[in-house]
Amino acid sequence: MSCLCSEERGSTATLVAVGALALAGAAGLVVDEGLLYKANNQLQAAVDAAALAGSLELPYDPDLSQNRVRQAAEKSLVQNYGEASIKSLTLGTEVRSVCVEGKATVKLTFATVLGVGDKEIDCTACAGYNNLEIVFVIDNTGSMSGTPITKVRQAATNMVNLVMPNTGAPSTKIGLVPFRGKVRVPANVDGKAAGCRNADGTVNTTNSSSCTSIPYIKALTTDKAAITTAINSMTATGTASGTVISEGIKWGRHVLTPEAPYTEGGDAKKYRKVMILLTDGDNEDGKCGGQYGDTSDPNNYWYNAYYGMNVKTCHCEDGGCLNTAMLSEAQLAKDAGIEIFTIRFGTSDSTDVNLMKTVASSKPGTNDHYYDAPSSSDIDDMFKKIGRQLGLRLIK
């Protein structure tokens, strides 16, 4: 009996030892699974950040040939996960984007006891331009003619090429609102004949040549060739009608929102709606002195959107009607979910600079949506800087 009991005790001890080892192994695997879960989350966050960092360089490196996108992505990845490296970096196939696949090796604690080696993990993220609706609101007054408007055409076309790659189905729409002292609307838009509009929406009939010198508004479109043709139609020449920035902003809002008169705009929950406003001057109707002051009556400024409806008390002095209308229209656009970037070209006084800063949708305490282009050679870079902000978006 004593021998039998001894054997039973030995068997029991062996079973206990085996069971303890199994429990320890199971517990170890749970710990290692926790390590893998944590590492996956950390790597995904790091790869997301790397894709976003890379997308910031797409305006300067749209085909990855300059290595700026890769360098930015690699730097960000290592900063956020020191042991990670890039497994692959490619352009997206549907929209202008960069896709980053990162990898890292996780050193397991207990699984190695069971003969399981360290584990390699990988994560992927893409960032870039998708679901955008952009309208260019561009000053076409005579002071923009020549080199300035040429540079604007080039910069706007570069942005079109950036956000509308030739491959894949476009998910971005772009429109154009050229303005002077009024805007020119095509037929079959607002139930009226083609032509220029007054501030109250009526047809401006003051002077036909001051209207035909302004290109038509171009509705939002995914047709790259069509929007490029519209951009290249801007020459900033012909009979003048002053500068009424509020009309450009107003019709930019009309183009971006889905309600009439333009209905091409999509749901604000799906699309990021962006207005890019560029002007080289302040509101001008000849009544605020300076280089373009004109005290004679009538004069070319009588052709603008206010004189056209027989309103002769809305002028360009500081705090005057035209400046007030500009701020009011900007607020209506913001209330409609539109993000406004402003580019101030040339030089101006502090009042007009502050107006453009107020119109911009900058974060509180910043001017991150306001850009200053002192010379025409700076215009393209301002568009690229705006492009960086538009591409800072994870898409999958």
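The values are calculated or read from the model by the stated rules, or taken from the named source; none is laboratory data. Just so it is clear, the structure is predicted and the values come from calculations on it, not from any experiment. Glycine also receives a Cβ, built like all others from the backbone with ideal geometry; neighbour counts cover every protein chain displayed.
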Q: Restrict the check to the range 132-150 and report whether at least one residue is closer than 19 Å to Lys384 by Cβ and among the small types (Gly, Ala, Ser).
A: no
Q. Would you say Ser55 is crowded, with 20+ Cβ neighbours inside 10 Å and in contact with a Ser or Thr (Cβ under 8 Å, 6 or more places away or on another chain)?
A. yes
Q. Just one of Ser97, Ser65, Ser76 is closer than 30 Å to Asp118 by Cα and either touching a residue at least 40 places away in the same chain (Cβ under 8 Å) or among the small types (Gly, Ala, Ser) (or both); which is it?
A. Ser76
Q | Count of the range 306-362 residues which are among the small types (Gly, Ala, Ser) and closer than 27 Å to Ser376 by Cβ | A | 8
Q.
Anything in the range 203-249 that is touching a Pro at 6+ places or on another chain (Cβ under 8 Å) and either among the basic types (Lys, Arg) or outside the structural domain of Asn188 (by TED's automatic domain parsing) (or both)? List them, or say none.
A. Lys224
**Q.** Within the range 59-78, considering residues that are among the small types (Gly, Ala, Ser) and surrounded by 14 or more Cβ atoms within 10 Å (Cβ to Cβ), the one farthest from the chain's Cα centre (by Cα)
**A.** Ser76
Q. Is there a residue in the range 184-196 that is surrounded by fewer than 17 Cβ atoms within 10 Å (Cβ to Cβ), closer than 24 Å to Thr150 by Cβ and either modelled with pLDDT under 95 or out of contact with any Gly (no Cβ under 8 Å at 6 or more places or on another chain) (or both)?
A. no
Q: Determine whether the range 138-148 contains at least one residue that is farther than 30 Å from Ala84 by Cβ, within 20 Å of the chain's Cα centre (by Cα) and of a type in the set (Gly, Ala, Ser).
A: no
Q. Does at least one position in the range 158-181 carry a residue that is surrounded by 21 or more Cβ atoms within 10 Å (Cβ to Cβ) and either over 30 Å from Lys269 (Cα atoms) or among the acidic types (Asp, Glu) (or both)?
A. yes
Q. If you go through the range 251-297 one residue at a time, how many are surrounded by fewer than 16 Cβ atoms within 10 Å (Cβ to Cβ), at pLDDT 95 or above and closer than 24 Å to Gly346 by Cβ?
A. 0
**Q.** Yes/no for Ala336 being among the small types (Gly, Ala, Ser) and either free of Cβ contacts under 8 Å to residues at least 40 places away in the same chain or farther than 20 Å from Asp139 by Cα (or both)
**A.** yes
Q: Among the candidates Phe345, Phe341, single out the residue that is touching a Phe, Trp or Tyr at 6+ places or on another chain (Cβ under 9 Å) and either of a type outside the set (D, E, K, R) or more than 25 Å from Tyr370 (Cβ to Cβ) (or both).
A: Phe341
Q) Does any residue of the range 10-31 turn out to be assigned by TED's automatic domain parsing to the domain that holds Val95, in contact with a strand residue (DSSP E or B) (Cβ under 9 Å, 6 or more places away or on another chain) and either modelled with pLDDT of 95 or more or of a type outside the set (A, V, I, L, M) (or both)? A) no
**Q.** Selection from the range 79-90 of residues that are free of Cβ contacts under 8 Å to residues at least 40 places away in the same chain and either surrounded by 16 or more Cβ atoms within 10 Å (Cβ to Cβ) or not assigned by TED's automatic domain parsing to the domain that holds Asp61 (or both)
**A.** Asn80, Tyr81, Ile86, Leu89
Q: Could you please find all residues in the range 197-209 being surrounded by fewer than 18 Cβ atoms within 10 Å (Cβ to Cβ) and among the β-branched types (Val, Ile, Thr)?
A: Thr202, Val203, Thr205
